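Notes follow once the structure below has been shown.
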Amino acid sequence: MDRHNLFHDERQDMKEEISEANLKFFQEVMPVIVGTKRRSGIVKMDPAWFEFREGYFWLNSFRGSRWLEHLEREGRASLLLIDPKDMTRVVHIESTLVRADEEGADEHLARLNDRYQMPEHDELELEPQTRVTIQLEPQNIRSTLDWLNQCAAEVDVSQ
């Protein structure tokens with residue numbers, strides 16, 4: 001792997017090719033930045049809660065959300081994960097929309113609420129919203145994690 005290339009590209013068909021380092025990173029609790037394309041071509045970026053399971057990223061939004069409208073129109077999104085404690089740990093994912101479904105979306109939001117440990121959200125009185133569960137399939141992953149692991153291994157070997 002090229003030491004000067006911080007990002008390692010993983011090929012198509014991610015279900016079998018996502019590295020252990022990336023899989024472990026996806027289980028950590030942090031917001032994901034979702035990039036979608038507006039009609040004008042300008043990228044809109046929004047933070048969101050997510051979970052990674054069964055080889056997919058699962059997010060939650062609401063009908064009327066602009067980024068959800070963009071995602072449903074374009075059928076794809078860029079996802080960016082940055083470790084809030086170590087900004088050298090970065091993963092960028094190009095993904096395609098598998099589905100955006102209202103069924104079970106309130107329960108999914110409750111699960112995300114538990115994951116992100118935000119009990120105060122249970123007591124917020126928001127305007128009624130139609131929640132949507134979003135399933136995204138990773139198509140391409142660029143990650144510093146594998147590169148960092150390789151560099152650490154090389155340092156250990158040389159000592």
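The values are calculated or read from the model by the stated rules, or taken from the named source; none is laboratory data. Note that the structure is a prediction, hence the values are computed from the model and not measured. A quick note on method: Cβ atoms are made from the backbone with ideal geometry, for glycine too, and the neighbour counts reach across all protein chains shown. For the accessible areas, the whole protein counts, side chains as well, though only heavy atoms, and no ligand, DNA or RNA atoms are used. Shrake-Rupley method; radii C 1.70, N 1.55, O 1.52, S 1.80 Å.
Numbers below:
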read-out: Pairs, first under 14 Å from VAL98 (Cα atoms) and open to solvent by less than 20 Å² (accessible area, probe 1.4 Å) in region 68-86, second among the hydrophobic types (A, V, I, L, M, F, W, C) and outside any strand (DSSP E or B), C-beta under 6 Å, six or more apart; value: ALA77/LEU71
read-out: Verdict on VAL91 being within 30 Å of CYS151 (Cβ to Cβ), without any contact (Cβ under 8 Å) to a residue 60 or more places away in the chain and buried (at least 16 other Cβ atoms within 10 Å of the Cβ); value: no
read-out: So GLY35, is it at positive phi and either open to solvent by less than 80 Å² (accessible area, probe 1.4 Å) or touching a Pro at 6+ places or on another chain (Cβ under 9 Å) (or both); value: no
read-out: Positions within region 40-67 being free of Cβ contacts under 8 Å to residues at least 12 places away in the same chain, over 15 Å from GLN135 (Cα atoms) and open to solvent by 80 Å² or more (accessible area, probe 1.4 Å), in sequence order; value: SER40, ILE42
